[in-house]
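First comes the structure, then the notes that go with it.
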Amino acid sequence: MKILVIEDDEKIVNFLKKGLEEETYIVDYCLNGDEGIYLATVNEYDLILLDIMIPVKDGIEVCKTLRKSNINTPIIMLTAKDSIEDKIKGLDIGANDYLAKPFSFSELLARIRVQLRTSYSNQTILKIDDLELNLLTKSAKRAEDNINLTAKEFALLEYLIKNKDKVLSESVISSALSNMDDTNISNIVNVYIYRLRNKIDKPYEKKLIKTMRGLGFKISDD
């Protein structure tokens with residue numbers, strides 16, 4: 001699942017990006033309101049973390065603009081302002097939740113799960129053949145066997161399943177998954193495809209991940 005962070009404090013951005021990617025979320029970020037509106041308009045996100053006190057256009061104006069544009073992505077406000085009046089204002093203009101700084105990262109994760117569960121109550125389980133991926137619990141199983149995946153492996157498998165039967169090139173996969181940018185490994189996508197195969201295909205008779213020579217990879221139950 002993809003999250004947009006709109007926050008001007010780069011230390012907080014780095015903290016959130018690292019923590020969320022460790023939880024298998026794909027993260028985009030920006031440092032001002034105008035860029036936040038642009039990214040939220042041209043891309044699809046599952047959730048937006050929005051600081052109120054950001055430059056150019058503040059979080060309140062960003063939220064208003066997105067809602068007027070019929071962008072209904074769940075928004076969690078992050079702010080140092082924690083008065084009842086501020087919370088009411090944020091919720092009244094369309095935010096889904098409001099979290100005051102400083103906050104516990106575990107609490108933020110819990111609030112994110114609540115919003116995603118509400119928005120995607122019927123889309124939290126991805127299936128292909130006898131392979132099942134739970135987007136909320138970040139768990140995977142095949143033929144009722146639990147499969148232990150790393151955050152990067154989970155993100156890659158989620159992307160493949162969401163694009164079932166589509167041939168995806170290495171560059172498309174790499175650019176789609178921001179947490180696959182390991183610059184120390186030139187063929188990073190091939191490395192993680194190999195690891196995934198060892199876990200979800202090798203122990204089973206039917207193979208789901210296919211190599212399309214010269215084109216890329218796809219997952220299918222053919």
For this session: Give the Debye-formula value of log10 I(q)/I(0) at each listed q (0.15 Å⁻¹), with one equal scatterer per alpha carbon of the chain, two decimals each.
Result: -0.99
Seminar exercise, completed: Expected unfolding gain across L215-M53 under the 0.36 nm per residue rule, minus the alpha-carbon gap, is 53.8 nm
Exercise. Simple spin-label model, 7 Å along Cα-to-Cβ: T41 to T124 in nm?
Worked result: 3.4
Problem set entry | N146 paired with N14, simple spin-label distance in nm, labels 7 Å along Cα-to-beta-carbon | 3.5
Exercise. Say each of N70 and K202 gets a label point 7 Å from the Cα, pointing the same way as Cα to Cβ; how far apart are those two points in nm?
Worked result: 4.9
For this session: Give the calculated FRET efficiency between D34 and S83 to the nearest 0.05, with a Förster radius of 30 Å applied to their Cβ-Cβ distance.
Result: 0.70
Exercise. For the chain, what does -39500 (n - 2.57) per DSSP helix run (n ≥ 4), summed and divided by total residues, give at 222 nm, in deg cm²/dmol to the nearest 500?
Worked result: -12000 deg cm²/dmol
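Quick check: residue separation of E61 and S104 times 0.36 nm, minus the Cα distance between them. What number comes out in nm? Walk me through the numbers on the way to the answer.
Details: separation 43, 0.36 × 43 = 15.48 nm, distance 2.59 nm.
My answer for the length gained is 12.9 nm.
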For this session: Pairs of Cα atoms under 8 Å, at least six residues apart: use those to get the relative contact order of the chain, whole percent.
Result: 15
For this session: Please go through the residue pairs K162/K202; K17/K206; K18/K138 and name each one whose alpha carbons sit more than 28 Å apart in this structure.
Result: K17/K206
Exercise. Given K166/K199; K68/K218; K11/K127, which pairs have Cα atoms separated by over 29 Å?
Worked result: K68/K218; K11/K127
For this session: Using amide H atoms built 1.01 Å from N in the peptide plane, name the residues 5+ places from Y98, or on other chains, whose amide H lies under 5 Å from its own.
Result: M77
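Where a number appears in this text, it was derived from the coordinates with a stated rule and is not lab data. The model shown is predicted, which means the values in this text are computed figures rather than measured ones. Here Cβ is always computed from backbone atoms with ideal geometry, including for glycine, and neighbour counts include all displayed protein chains.
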